[in-house]
Structures are given as C-alpha cells and as structure tokens.
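Enquirer: The following block contains the structure, expressed as structure tokens.
Computed from the coordinates by the stated procedures, all read-outs in this text should not be read as laboratory data. Note that the structure is a prediction, hence the values are computed from the model and not measured.
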C-alpha cells in the first residue's frame, strides 16, 4: 500500500521523521476512522431494519425523541477550577 502526502506535509514529516512513529500514527488514525465508518454503517443498517419493521421514522417522532432526550439528560455538576486555591 502506498500513501499519498501533499509535498508540504511530506517535507514537514520528513523533518521530524526520526522523532515520530509514522507507522503507529497511521495505524491509530486508520483504526479510528475505520471504527467510525463501521459504527455509521451499523447505525444505518439498524435504522433501515427498524423502518422495515415499523415504517419510516417521521420528523415529528424525531422532534418528540429529541425533546424527551433533553428532558431526561443528566448533567454533571460544573467542574471546579483546579488552578484556583480554595
């Protein structure tokens, strides 16, 4: 597999190559991106399965669910600023 890099990015990378694990960086980025893609695909499939069984999800159902989610959301307490002695 070959990876295309624009010239500017390649030059920047080349100047730091000894201090970077390029293979590790690429593996981590690809793992994250592929995970995101696979989760989106799973969500699309789940919605399609739901709609096949129960019918298309309407805008009204989406608004009602968003309102219910907002009502039922749990908000953590504000964080205390650790830099301020107290």
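Enquirer: Can you tell me the 0 to 90 degree angle between the C-alpha axis of helix 7-16 and the longest principal axis of the chain, rounded to 10?
Expert: Value to nearest ten degrees: 70.
Enquirer: Stretch residue 59-residue 13 to full length: gain in nm at 0.36 nm per residue minus the Cα-Cα span?
Expert: Additional length available on full extension: 11.9 nm.
Enquirer: Using alpha carbons only, how many degrees (0 to 90, rounded to 10) separate the axis of helix 22-54 from the longest principal axis of the chain?
Expert: Compared with the principal axis, the helix lies near 20 degrees.
Enquirer: What is the helix-to-structure angle for 59-72, meaning the angle in degrees between its Cα long axis and the longest Cα principal axis of the chain, kept from 0 to 90 and rounded to the nearest 10?
Expert: 80
Enquirer: Figure the gain on full extension for residue 42 and residue 72 (residue separation times 0.36 nm, minus the Cα-Cα span) and round it to one decimal in nm.
Expert: Gain on extension, residue 42 to residue 72, equals 8.3 nm.
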